[in-house]
1. Order of 46-52, 410-416 by packing, highest average Cβ count within 10 Å first?
2. Can you give me the span-like helices of the chain, meaning DSSP H runs with 24 Å or more of Cα extent along the axis and Kyte-Doolittle mean at or above -1.0?
3. Rounded to the nearest 500, what is the chain's calculated 222 nm mean residue ellipticity when only DSSP H runs of at least 4 contribute -39500 (n - 2.57) each, over all residues?
4. Using C-alpha positions alone, give me the convex hull volume of region 283-433 per residue in cubic angstrom.
5. Treating cross-link reach as a plain straight distance, find the aspartates and glutamates whose alpha-carbon is under 12 Å from the alpha-carbon of residue 624, omitting any fewer than eight places away in the same chain.
6. 5 Å is the cut-off here: which amide hydrogens, built 1.01 Å from N in the peptide plane, fall below it relative to residue 773, excluding neighbours closer than 5 in sequence?
7. Largest first, please: the extent of the C-alpha atoms of the chain along each principal axis, to the nearest Å.
8. Count charges around residue 406 for me, please; just the other residues with Cβ under 13 Å from its Cβ, Lys/Arg as +1, Asp/Glu as -1.
Amino acid sequence: MTSATEGWTWGYDTYDPAHERLVEALCTLGNGRFATRGSAPECPAGPVHYPGTYLAGCYDRLTSRVAGERVENEDLVNLPNWTLLRYRCLPDGDRPGEWLTPDSPHLRHYDVRLDLRRGVLSRHLHYEDDRGHGLRVGHVRIVHMGTPALAAQRTTFHAYGWSGAIEVESVLDGSVTNAGVERYRHLESRHLIDRQSGFTPEGIAHLSCRTADPGHTIALAVRTETEPETDRPAGSESGPGRARTTSEGAVQSLLLPIRRGNPVRVTKTLALRSSLDRPAGDPLGLAVDAATGAPPFSRLLAAHRAAWERLWEEGELHVPGRAGLVLRVHQFHLLQTLSPHTAELDVGVPARGLHGEAYRGHVFWDELFVLPHLDLHFPEVARALLMYRHRRLPAARAAAREAGRKGAMFPWQSASSGREETQALHLNPRSGRWLPDRSRLQRHVGSAIAHNVWHHARATGDRGFLHGPGAEILLEVARYWAGAADLDPVAGRYHLRGVVGPDEYHDAYPDATAPGIDDNAYTNVTAAWVLARGLELLDELPAARRAELCERLALDAGEIDRWDDVSRRLHVPFHHGVVSQFEGYGELAELDWQAYRDRYGDIRRLDRILEAEGDSVNRYQASKQADTLMLGHLFRPVELAGLFSRLGYRVDDEIWRSTVAYHLRRTSHGSTLSSLVHGWVLAREKGDDAWRYCEEALLADVADVQGGTTGEGIHLGAMAGTIDLVERGITGLETGPGGLRIEPVALRELPRFVFTVCCAGHRGVRLRVLPGRVGVRVPVSSPVPLPVTLPGERRFTVEPGEERWFLLRAQGG
Ligand code: BGC
């Protein structure tokens, strides 16, 4: 179905209702403030089509009753559909045709093209009926990257073999609900209340509404224009055509005379405002003014393209071939979800982009896979996303207090307020049973946030951030870990009990009533890392800041000593000479993987399969995704060995290799993050299968390898992670105030690529990777030379305006 025509175009050249939701998700357009799914303008929501528009940070809370229980959920709200455009042909002297959609039997040709360079979605349809009457329809849509309140859609009609008129209905549809995820169908979904719609005397359609809780006001205004201009009906005060408001929205009906060779056009220009905007104002008035004053489509398009050009300059990554195209698709969706406009908002990293309703638009630990890339290209956006967490420190502190702990306990799923938003119950679609959801015990999310704080400061050299809000986050997470660890005085080891690791399958011991497992290796090692960084940070803080922080946080010498002790004596379980995923993992039953594959084919969601069989995945050595091996994603082999050694364990290359092989064999890859992490770890280890996993990570969304999940929203962590895999994973790149450090590993299938990064105050440092060598070019505008460190601690500098090549295997330089 996919026809990837060239390096900057993603497309589909047939219409396949079974894949329409996938196409909609992958053709979503956004600007980091709001996004609209790439749905067919002709179709309202139904079994095939699902239009959706989502505003970053616009959540609403509703209460539902499921399985006899009252559950609350906070959802990213689907906003009124501004794209809807119905049309039919009225041939002279003949009866009117039917309303046309891609589902019409008269559809003869269909293609969708996403121009990634310019951020433009176009769709072409050709219909021909039994009378030989043809109609070609071309839609072009943008969600404006320069002016983040605006979007526009231009539709052009060509008639073949007939003349007469096209009847068009341009609709602003407020009847939408959150109905994009089948599994959530039992939950309340009507978030928009108090809908009011109308037209201004100039013919601008508008619709304002409120969310239920909290009451955010949302206003959309749409200017509909025609080319050639159509006359207003006598006495009309509503722009072209007839206008009517319904209880659900505003409809403008147009009659456009058409003849062969004389195409006609309808353009909808949207302005979207809300009470979340700053500075505050009346959303409706502001939306109407913005729609009225917006430039014509051609000028909007030019400014939009220019904005995208700037983004691509800063986010440059060129990889040849098919992999390069997919990486560009990933980068495109990343930039549409998190653009420089996002830096103006109070929002986090939504795990499924602004592309659908899966996971309710919530923010998980996935930023761990996203921020390192933003640190390299858009450090201001990365900082703003960390500030989203900083503003929610009070909520994280309150959660820790409620759990009887100190410090900050960040929620596994976060949305508007920073409180825990993980659902209490989830549905197993295979068995139809609602089950308790214990994934909230993934306390490792705090370490992910602390890791991002540290990495951001290291990569950008932003000491102000590290010593300011960054220190508050990192120290409070460290404090949480030190308090949560309990000491077994006999063994002299600390334990972190009752948690869930990144592998969500194991949320309790078999047959146990208490939730959680003990001493998840990933959780414990990263907690030790956070504690060690907390101590390092306290040492490097200027004395006055340290004193002020310690006083404010009531952090005394005794507590700091405990951090040191815990960071050296947290328990990490081992069995059969490998790092165990958690205490007791090695004693769980072995699963007959082949038997399950033979029986079910796709066993990614083994948890659901086993539960439906009346069994439980908790009984088996079977993981959803990389868990222990996440350590190899976050830390280089020497760092990892150092961390284990600080904890009093020896993990050399041999042990690590065995650990990788052991866990890889027992993972079902039920999360798109899994293949990414395995690809990364194997590539750094020069493992044979590296490319197989990297390729699967590349295909995760574009080929919808999880079978239907992408249509509910992209997997932003996996998308960003694949770009990071190329830029940092393969090159071993580290940036910091000391310049660039490169330690590439060869990945045969990606022998050459080019990308541009920010580093040590330089913007636009260009790296060209070729087999056996790497070129570093420093922009002529850079104020000072850039230090570069190669394997073996070989140090060089590159002067402004110079491109210097380094050999990687020989002496180089
Ligand atoms: C994964 C988590 C991830 C979440 C959101 C889940 O399926 O297991 O690791 O954070 O999806 O992407």
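1. On the way: 46-52: 19.0, 410-416: 24.9.
Result, highest mean Cβ count within 10 Å first: 410-416, 46-52.
2. On the way: long enough: 297-314 (26 Å, -0.47); 321-337 (25 Å, 0.25); 521-540 (28 Å, 0.42).
TM-like helix candidates: 297-314, 321-337, 521-540.
3. The helix contribution divided over the chain gives -9000 deg cm²/dmol.
4. Numbers: hull volume 29.3 nm³, N = 151.
Value for region 283-433: 194 Å³ per residue.
5. Within the straight-line cut-off, residue 624 pairs with 503, 504, 507, 607.
6. 808
7. Here the spans come out as 94, 68, 58 Å, largest first.
8. Working: positive: 397, 401, 405, 479, 562; negative: 402, 476, 556, 559.
Combined, the nearby Lys, Arg, Asp and Glu give +1.
The values are calculated or read from the model by the stated rules, or taken from the named source; none is laboratory data. Please read all numbers here as calculations on a predicted model, not as lab measurements. Quick reminder, even Gly has a Cβ in these numbers, built from the backbone with ideal geometry, and neighbours come from all protein chains shown. Just the protein is used for accessible areas: all its heavy atoms, side chains included, with ligands, DNA and RNA removed. Shrake-Rupley method; radii C 1.70, N 1.55, O 1.52, S 1.80 Å.
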